[in-house]
There are 2 protein chains.
Amino acid sequence: MSPIRLRRAERGDVPTLLTLIRALANYERAPDAVIATHADLLRDGFGPEPRFRATIAELNGTSAGFSLWFYNYSTWLGRPGIYLEDLFVMPELRGQGIGRALLADLAQTALAEGCGRVDWQVLDWNESAIAFYESLGARRTQGWFNMRVQGDESLRRMAQRSES
Amino acid sequence: MSPIRLRRAERGDVPTLLTLIRALANYERAPDAVIATHADLLRDGFGPEPRFRATIAELNGTSAGFSLWFYNYSTWLGRPGIYLEDLFVMPELRGQGIGRALLADLAQTALAEGCGRVDWQVLDWNESAIAFYESLGARRTQGWFNMRVQGDESLRRMAQRSES
């Protein structure tokens, strides 16, 4: 029997999720970027209209990693897809198939729910992650720039219509 | 009074949406990429669990463009965001503030719903669009590669766990 066990995150897992999210931010060299609180994740993930889903991976009974995702949509395919926002395995527990199990689980979910694809982003310096994803069949989608308007001040500026 | 009128798309707008989506694909040099059907958009946009929202822009009473978006989520901010999947204005109707009005509407929606940001992608050759977005305060988020697993065959391959 595999010592890896996956389970869908529930309300009581919010402290575990927050710990894993902070560990991921630390790994991505942005330890101060996490301002999300326990209340935020509880409200947005486990209320009447969940904004995300999460799966927790346990190794021999200990929380070892997680995936967190939501639905996106392709108007060309006419099908929803899965956007993987976070995938993380504790650094000291890598190399045991946990990340692969989480991605397999995600692909199974995509197939079961009629999703046409799974999308995510990877930091351009993370060569081992890129190689790992490509070994599983993922491909880099090139030819696009990612654009963002962030923060209330910038959003308020964009919200103004010059002609009105 | 502005001749531009925005309204949230409803069930009866699916034919209009499909026309606009096909026009967008044609503009993005992928005229055969749209396999979405009327039934797909009706089911996914206007059923009990909508996978997307859309706004239609009318100019002097004629459909002139649209935005189509869904929610994403930032685990670092602990807030949902808006992902703009499609933004399009009929080429012959550009330069009259329609795109800007659609983006202003989107920013207003983001503020009203407590979203921390708006994200989207732009084709790297579309210099006029990039300049337009930057003039509204958008910034390119760099340092990430976009990864994708697409299609049932690739998803089935990823769904296999080697250790099980």
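Values quoted throughout were computed directly from the atomic coordinates according to the rules given, and no laboratory measurement underlies them. Keep in mind the model is a prediction, meaning the values are calculated, not measured. Reconstructed Cβ throughout: ideal geometry from the backbone, glycine too, with neighbour counts over all protein chains shown.
If I go through segment A:111-125 residue by residue, how many of them are without any contact (Cβ under 8 Å) to a residue 60 or more places away in the chain and either more than 9 Å from every other protein chain (Cβ to nearest Cβ) or under 14 Å from the mean Cα position of the chain (by Cα) (or both)?
8
The residue that is surrounded by the fewest Cβ atoms within 10 Å (Cβ to Cβ), counting only those in segment A:35-60 that are without any contact (Cβ under 8 Å) to a residue 24 or more places away in the chain and assigned to a loop (DSSP other than H, G, I, E, B), is A:Pro48.
In segment B:61-70, which residues are outside any loop (DSSP other than H, G, I, E, B) and surrounded by fewer than 16 Cβ atoms within 10 Å (Cβ to Cβ)?
Here is the first cut: in segment B:61-70, the ones outside any loop (DSSP other than H, G, I, E, B) are B:62-70.
Hit for segment B:61-70 is B:Thr62, nothing else.
Which of the residues belonging to segment B:75-96 are part of a loop (DSSP other than H, G, I, E, B), in contact with a helix residue (DSSP H, G or I) (Cβ under 9 Å, 6 or more places away or on another chain) and not polar (S, T, N, Q)?
Narrowing segment B:75-96 to residues part of a loop (DSSP other than H, G, I, E, B): B:75-78, B:90, B:94-96.
If we keep only those that are in contact with a helix residue (DSSP H, G or I) (Cβ under 9 Å, 6 or more places away or on another chain) too, we end up with B:75-78, B:90.
Once the filter is applied, which keeps residues that are part of a loop (DSSP other than H, G, I, E, B), in contact with a helix residue (DSSP H, G or I) (Cβ under 9 Å, 6 or more places away or on another chain) and not polar (S, T, N, Q), segment B:75-96 yields B:Trp76, B:Leu77, B:Gly78, B:Met90.
Return yes when A:Tyr73 is facing chain B (nearest Cβ under 9 Å), surrounded by 23 or more Cβ atoms within 10 Å (Cβ to Cβ) and either under 10 Å from the mean Cα position of the chain (by Cα) or closer than 22 Å to B:Glu49 by Cα (or both) and no when it is not. In short, yes. Being surrounded by 14 or more Cβ atoms within 10 Å (Cβ to Cβ) and of a type in the set (D, E, K, R) is a condition met by at least one residue of segment B:144-151.
For the residues A:Ala131, A:Ala104, the requirement of being more than 8 Å from every other protein chain (Cβ to nearest Cβ), farther than 23 Å from B:Ala30 by Cα, assigned to a helix (DSSP H, G or I) and of a type outside the set (Phe, Trp, Tyr) singles out A:Ala131.
The set of residues in segment B:76-91 that are touching a Gly at 6+ places or on another chain (Cβ under 9 Å) and more than 12 Å from chain A (Cβ to nearest Cβ) comprises B:Val89, B:Met90. All of B:Gly95, B:Gly143, B:Gly99 fail the test of being facing chain A (nearest Cβ under 7 Å) and over 16 Å from B:Tyr71 (Cβ atoms), apart from B:Gly143. Among the numbered conditions (1) over 21 Å from A:Leu17 (Cα atoms); (2) touching a residue at least 60 places away in the same chain (Cβ under 8 Å), the only one that A:Gln96 does not meet is (1).
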